[in-house]
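What follows is a single structure, written as C-alpha cells, with notes after it.
Computed from the coordinates by the stated procedures, all read-outs in this text should not be read as laboratory data. This is a predicted model, so every value here is computed, not measured. So basically every Cβ, Gly included, is an ideal-geometry build from the backbone, and we count neighbours across all protein chains shown.
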Amino acid sequence: MSRDPARAATQFFGGRVCLDFANTLDWRTSNEPQELIPDYAALLSWSERRGTLPPAAIRKLKAHSASSTAVAAMQKAHDMRRDIWAISDALRDGRSVDLRLVNQMLARAPRQPDLVRQERGYRHAFAGTDVTEPLWPVLWSLTALLASDDASRIGCCEAHGCGWFFVDESPNRTRRWCSSEVCGNRERARRAYAKRKGST
Ligand SMILES: [Zn+2]
C-alpha cells in the first residue's frame, strides 16, 4: 500500500472484495495504522470505488451518513473487518477458523438482491434503504472465499508493517507483496539500504 492514505484508498490488491475490505486499514501491522474508512461516508465512498453497490443506492444512503443507525453499521463494519483479519491469519497458519461472527451475520443477512448490469459490470440491486447494505457484498465475498479452494491461497504482504491480504493466484504460490510495484519496490530498496549500511 501507499504512504499516502488518499492513494491507498484507491489501491485494490486483494483480488476479492472481502480482502480489499480487510485492507481498509493501511499499515495494519505497523505501529501507526492508517484508517481508510473512519466513518460511514468513507465506507460509502469505498463501496463506490470498489463497485459493490449501485450508484443509485449510494446516493440514497449518503443522506443517512450522520444517523445513529449509520454509526452502528460502522461499528459492525469494523467488527467484520477485524474478523476477516483473524480468519485470514488462521487460514494462513493452517488453524481452524472461528466462524461465529460470520455465521451470526449470515443469519441476519438479507436475501441477495437481483443482479443488474451497470457500466462497470454486474451489481446487486440494493435499494439504498438500509444502512447495513455496504456490509453484505463483503460478507458474501467472504463466505464465497471460505467455501472455495482459494481459502488456502490467502497470503499477507511481507513488507514490514503493511499487513494487506491477497489471494495468491500465482501458479507456484510465490506472491510476496500486496503489490510488487508499491510494497515490493519499497521493501527491496529498504533491504538493500539496510544491507549496505550493515556492511560499512
Ligand atoms: Zn504491502
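Can you give me the angle between helix 40-50 and the longest principal axis of the chain, using Cα atoms only, in degrees from 0 to 90, rounded to the nearest 10?
Tilt relative to the chain: about 70 degrees.
Summing Lys, Arg as +1 and Asp, Glu as -1, what charge do residues with Cβ under 9 Å from the Cβ of Gly51 carry, Gly51 excluded? Let's see the in-between values first.
Details: positive: Arg49, Arg50, Arg120, Arg123; negative: Glu48.
Surrounding charge for Gly51 is +3.
Dividing the alpha-carbon Rg of region 1-97 by 2.2 N^0.38 Å yields what? If you can, show how the numbers build up before the last one.
Numbers: Rg = 14.1 Å, N = 97, 2.2 N^0.38 = 12.5 Å.
My calculation over the Cα atoms of region 1-97 gives 1.12.
Charges only on Cβ, +1 for Lys and Arg, -1 for Asp and Glu: so what's the dipole of the chain about the Cα centre, in debye to the nearest 20? Intermediate results must be reported in sequence, preceding the final value.
Details: 31 positive and 23 negative charges, 118 e Å.
Computed charge dipole of the chain: roughly 560 debye.
Given C-alpha coordinates of the chain, what is the ratio Rg to Rh with the Kirkwood estimate of Rh?
Ratio of gyration radius to Kirkwood radius: 1.00.
Considering only the chain, what is the antiparallel percent among its DSSP beta bridges, to the nearest 5? Please list the in-between numbers first.
Working: 9 of 9 bridges.
Bridges in the chain that DSSP calls antiparallel: roughly 100 percent.
At a 10 angstrom cut-off on C-beta neighbours, averaged per residue, how do the peptides 89-97, 26-34 rank from highest to lowest?
Ranking the peptides 89-97, 26-34 by packing returns 26-34, 89-97.
Fewest Cβ neighbours within 10 Å first, please rank Ser65, Ser88, Ser152 accordingly. Display every interim value, and only then the final one.
On the way: Ser65 16, Ser88 24, Ser152 12.
With the fewest neighbours first, Ser65, Ser88, Ser152 line up as Ser152, Ser65, Ser88.
How do Glu35, Glu133 rank when sorted from fewest to most other Cβ atoms within 10 Å of their own Cβ?
The fewest-first ordering by Cβ neighbours comes to Glu35, Glu133.
With each label point set 7 Å from Cα along the Cα-Cβ vector, what nm distance links Lys195 and Glu35?
4.0 nm
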